[in-house]
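> Before anything else, here's the structure in question.
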């Protein structure tokens, strides 16, 4: 584990694996967090190791081999900003116009899922309701235009600007760059495994049968020790105690 002697060394190992086109398996062996701790690295050093791994993923994802990358937080904020800008510039989605007092709201018994589902005036004008049963009413403050919402309005009644999200189109979920996502998955997978291991050890340490088994072993060892010293035999078993702590 010489390559894990420092956060920088671990980051370099991860970066090399990411750049290796033939490497499609795990970035690090399973249980690497526990191995770091067992090698003598303190808990407060773990964030530095994780940050070095994430930085390696950023360098590969951005084709940047220099040490001038932003922090992980800044990188993620930039990814979110790019995603939001792309979502804003694309057509589709739900109108969501918030009605004010005395606005016009349109109902279409052909398109709406129930009587509370409505379209605002611009959406109604930009949609085709030929032959539909439509009527309008004046609104009080509150409520939103449902154009583009497939759960409230039939797609054939959507306006041209709010086409909803079809199964064939890309979801609005932010997708991380593949190299960076691979590092994140490696960290999360091993962290969950590590916490499961800790929980299992905690359960085992308070298991009645395991505690009793250890107590019997101690009793036998104590009795054998007394016999070796040729002390008078006794019919009284040595007192063995154990403490249980639970919440």
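Bear in mind these aren't lab numbers, they're just calculated from the coordinates by the rules spelled out. The model shown is predicted, which means the values in this text are computed figures rather than measured ones. Note that each Cβ is placed from the backbone with ideal geometry, even for glycine, and that neighbours are counted across all protein chains shown.
> Based on the mean of other Cβ atoms within 10 Å per residue, sort peptides 187-199, 105-117 so the most packed one is first.
The peptides rank, most packed first, as 105-117, 187-199.
> With 10 Å bins from zero, work out the P(r) of the range 104-157 over every alpha carbon pair and list the percent per bin.
26, 64, 10
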